[in-house]
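Each remark here refers to the structure printed beneath this line.
The values are calculated or read from the model by the stated rules, or taken from the named source; none is laboratory data. Computed from a predicted model, the values in this text were never measured in an experiment. Note: ideal-geometry Cβ built from the backbone for every residue, glycine included; neighbour counts use all protein chains shown. Side chains included, ligands, DNA and RNA excluded: accessible areas come from the protein's heavy atoms. Shrake-Rupley method; radii C 1.70, N 1.55, O 1.52, S 1.80 Å.
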Amino acid sequence: MPMLLVRLVAAVFLLYGLGFIVAPGVLMSQVVGEVPVASSAWIDLRATYGGLSVGVGVILWVLAGSAATLRTGALGVSVLMVAMALGRSVGIAVDGNPNGYMLLYLVMEAIAAILGIWAWWRLRATGS
């Protein structure tokens, strides 16, 4: 189960990142209802949402590939998902009026965080 969780989260980051590299306008419009105007904003969108997400996905995928690093991968999932959920929660509290995607992402981040913490704890308890 822990390997499946880390690989699933890795795959989501990989696909999301590739999508934002290839078609950032389509995804950004769908997710937030807006698109950037300036060229530098598009570049940063591809780099941050795209490249960074791909990098996170690759790291998690590699960590899930070995029993020796799986626990680190589960910890990575936990930290990433808690940080994303906290950041999104602050945004909702400060900025208000989240769309359905923001609420769905928050729920998915919270579930993944709980499962990641469970996976990390389980691997820790078994000495993996």
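General remarks:
- Residue in region 8-18 that is at pLDDT below 95 and open to solvent by less than 50 Å² (accessible area, probe 1.4 Å) present: no
- The residue of region 59-70 that is nearest to the chain's Cα centre (by Cα), among those that are in a helix (DSSP H, G or I) and among the β-branched types (Val, Ile, Thr), is ILE59.
- Contact annotation: residue pairs with Cβ atoms under 8 Å, 6 or more positions apart or on different chains, pairing a residue in region 49-70 that is within 13 Å of PHE13 (Cα to Cα) and open to solvent by less than 50 Å² (accessible area, probe 1.4 Å) with a partner that is of a type in the set (Lys, Arg) and assigned to a helix (DSSP H, G or I), are LEU60/ARG7.
- Criterion applied to VAL107, VAL56 was being under 10 Å from the mean Cα position of the chain (by Cα) and of a type outside the set (Gly, Ala, Ser), and the one residue passing it is VAL56.
- Among residues that are open to solvent by 90 Å² or more (accessible area, probe 1.4 Å) and either within 18 Å of the chain's Cα centre (by Cα) or closer than 17 Å to MET1 by Cα (or both), ILE43 is not included.
- Checklist (1) of a type in the set (Gly, Ala, Ser); (2) free of Cβ contacts under 8 Å to residues at least 12 places away in the same chain; (3) over 27 Å from LEU4 (Cβ atoms); (4) open to solvent by less than 80 Å² (accessible area, probe 1.4 Å) applied to ALA93, failing item: (4)
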